[in-house]
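Engineer: The structure under discussion is supplied below as structure tokens; questions concerning it will follow.
The values are calculated or read from the model by the stated rules, or taken from the named source; none is laboratory data. Fair warning: this is a prediction, and the values are worked out from it, not measured in the lab. All accessible areas refer to the heavy atoms of the entire protein, side chains included, with ligands and DNA or RNA removed. Shrake-Rupley method; radii C 1.70, N 1.55, O 1.52, S 1.80 Å.
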Amino acid sequence: MKSQNFDLNDITHEPSDEQLDALMEAVATEVRKHAQTAREQLMIRLRADIMAIGLPFQPQA
């Protein structure tokens with residue numbers, strides 16, 4: 001079932017439960033993507049900082 005677009009600011013027409021579920025899943029997917037990107041960038045900076053102070057970096061398996 002394909003959900004139709006809806007406007008969360010439209011107070012006269014409430015979205016269906018299915019539409020809200022789809023919206024919440026889409027938001028969660030985007031949050032996971034952004035979190036993964038942030039983790040990857042953090043690890044890059046952390047590795048660079050470790051290398052800058054001369055400590056041996058040993059990646060974990």
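Engineer: Roughly to the nearest percent, how much of the accessible area of the range 4-45 is carbon and sulfur, given a 1.4 Å probe?
Structural biologist: C and S atoms contribute 57 percent here.
Engineer: Another question about this same structure. Give, in nm to one decimal, the length gained when the segment between N5 and L42 is fully stretched (0.36 nm per residue of separation minus the Cα-Cα distance).
Structural biologist: 9.7 nm
Engineer: Would you mind getting the accessible area per residue of the range 1-41, heavy atoms of the protein chains only, 1.4 Å probe, in Å²?
Structural biologist: About 94 Å² of surface per residue is accessible.
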